[in-house]
Amino acid sequence: MSHWDERADQYRTSDAHREGPDLDRLVEWAEAGPGVTALDVATGGGHVARRLREAGCTVVSCDPAPGMQADVICRAEHLPFDDSSFDVVACRVAAHHFEDVGLAVQEMARVAGKRVIVVDTTFMGEDVEQAEAIRDPSHVRNYDEAEWRSLFEAAGLEVEEVEFFDKSFDLQAWLDRTGCKGEDAERATALLGGRVEDGKMRLDRIALKGAPR
Ligand SMILES: C[S@@+](CC[C@H](N)C(=O)[O-])C[C@H]1O[C@@H](n2cnc3c(N)ncnc32)[C@H](O)[C@@H]1O
């Protein structure tokens, strides 16, 4: 069982994942509604898939961790779908875990007919990168706007929209989700500096919408 399988229930109920203006924007950018087909890549607790289904879309979810109970078990770097299989391909708060994010964006672009939407924690400096890696060793990297634009362009996607959101959530729940405690929790919290206040922590998210050229 992977660490993701063990954490599946926590991601289903997490305050950092289940709602937020970034999720609302994703649904808006998807032009979600009946007749729209969508792929939710790295579905985790399934919040993107749920919201798109509620809006009337036909959704396939995928994730490599069986415990996440996605429709298809696969990594973002190899999506087992034909070219242009879905109107919309969305991926939220997951790309910072991908071993090969460039390949993942290329795969998302390949299977998307009309648009690709990515939401992820954005790069906020090396201290936050270190905090994230201490708290969760599966953290690879957060990317800034320029890096995301390059990733989209290299995958043949024209960037149509970029928006930033600041997301505030419970610090202790963030540490508990990955079992980060003791000295590690203290070091990670210290590295977050002014982003921690009154038991809450603040991380910035970037959202991008792109269309195949
Ligand atoms: C934080 S959760 C996703 C959150 C979810 N998308 C949401 O909006 O609430 C991160 C997910 O990324 C998945 N993951 C990790 N590495 C992956 C990869 N290489 N390809 C696809 N998914 C991956 C994990 O299994 C996990 O379910």
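Listing for the model above:
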{"quantity": "Percentage of interatomic Cα-Cα distances in the chain larger than 31 Å", "calculated": "15 percent"}
{"quantity": "Cα-based reach from K114 at 16 Å (exclusive), listing lysines while leaving out same-chain residues under 8 positions away", "calculated": "K209"}
{"quantity": "Where GluC sites (Glu not before Pro) fall in DSSP loop in the range 28-113, at most 11 other Cβ within 10 Å", "calculated": "E99"}
{"quantity": "Fraction of antiparallel bridges per DSSP, the chain only, in percent to nearest 5", "calculated": "55 percent"}
{"quantity": "Other-chain or far-sequence residues with amide H under 5 Å of C57's (modelled H)", "calculated": "G33"}
{"quantity": "Nearest-ten-degree value, helix 182-192 long axis tilted from longest Cα axis of the chain", "calculated": "70 degrees"}
{"quantity": "Cross-link reach list, lysines versus K181, counting only Cα pairs under 25 Å and skipping chain neighbours closer than eight places", "calculated": "K167, K200"}
{"quantity": "The chain - percent of accessible surface contributed by carbon and sulfur, probe 1.4 Å", "calculated": "46 percent"}
{"quantity": "Accessible-area ranking of D166, D24, D63, largest first, probe 1.4 Å", "calculated": "D166, D24, D63"}
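The values are calculated or read from the model by the stated rules, or taken from the named source; none is laboratory data. Quick caveat: nothing in here was measured; it's all calculated off a predicted structure. Note that each Cβ is placed from the backbone with ideal geometry, even for glycine, and that neighbours are counted across all protein chains shown. Accessible surface is based on the protein model in full, side chains and every heavy atom, while ligands, DNA and RNA are left aside. Shrake-Rupley method; radii C 1.70, N 1.55, O 1.52, S 1.80 Å.
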